[in-house]
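The values are calculated or read from the model by the stated rules, or taken from the named source; none is laboratory data. The shown structure was predicted, so the numbers you read here are calculated from the model rather than taken from an experiment. Methodologically, a virtual Cβ is constructed for each residue, glycine included, from the backbone with ideal geometry; neighbour enumeration extends over all protein chains shown. Each accessible area value is taken on the protein alone, full model and side chains, heavy atoms only, with ligands, DNA and RNA left out. Shrake-Rupley method; radii C 1.70, N 1.55, O 1.52, S 1.80 Å.
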Amino acid sequence: MITGFPSPAQGYEDRSIDLNKVFIKHPSATFFMQIDSTCYVPMGIFNGDILIVDRAKKINANSLVVYESEGQFVLGRVFKIKGEAVITGAITHVIHTVK
């Protein structure tokens, strides 16, 4: 005799998601960076979030990037960068832990 309801996960046991395939387009040019600041909250990036940064991604004026300015790594949109800055790479994804 069978009782209860079937598991909603039934039939999905063999399917898995390869996060490298989903999130990383240029493996040799991609790195991870963890945020240790609360100043990016208006951008939706919180303290402790992990960024996936791609150095090979084509960058345009609206790209969200990591750049070096006065010896510090900073996040921002390309069109808002003032002064001399060296762009490290484009932020492709933000991994946020739900608390």
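In the stretch 39-50, what count of residues is obtained for those that are open to solvent by 50 Å² or more (accessible area, probe 1.4 Å) and either in contact (Cβ under 8 Å) with a residue 60 or more places away in the chain or not β-branched (V, I, T) (or both)?
Looking only at that region, the number is 5.
What number of residues within the stretch 5-36 satisfy the criterion of being modelled with pLDDT of 95 or more and of a type in the set (G, A, S)?
So the answer is 2.
Provide a single number: the residues in the stretch 51-99 that are touching a residue at least 12 places away in the same chain (Cβ under 8 Å) and either in contact with a Phe, Trp or Tyr (Cβ under 8 Å, 6 or more places away or on another chain) or β-branched (V, I, T) (or both).
27
Exactly one condition in (1) under 24 Å from N20 (Cα atoms); (2) touching a Phe, Trp or Tyr at 6+ places or on another chain (Cβ under 6 Å); (3) not β-branched (V, I, T) is false for Q34; which is it?
With respect to (1) under 24 Å from N20 (Cα atoms); (2) touching a Phe, Trp or Tyr at 6+ places or on another chain (Cβ under 6 Å); (3) not β-branched (V, I, T), Q34 is out only on (2).
Taking into account only those residues within the stretch 14-38 that are open to solvent by 80 Å² or more (accessible area, probe 1.4 Å) and in a loop (DSSP other than H, G, I, E, B), which is farthest from R77 (Cα to Cα)?
Taking the candidates together, the pick is D14.
Restricting to the stretch 39-97, what's the tally of residues that are acidic (D, E) and either in contact with an Asp or Glu (Cβ under 9 Å, 6 or more places away or on another chain) or part of a loop (DSSP other than H, G, I, E, B) (or both)?
To start, the set of residues in the stretch 39-97 that are acidic (D, E) comprises 49, 54, 68, 70, 84.
Next cut, either in contact with an Asp or Glu (Cβ under 9 Å, 6 or more places away or on another chain) or part of a loop (DSSP other than H, G, I, E, B) (or both) only: 49, 70, 84.
Looking only at that region, the number is 3.
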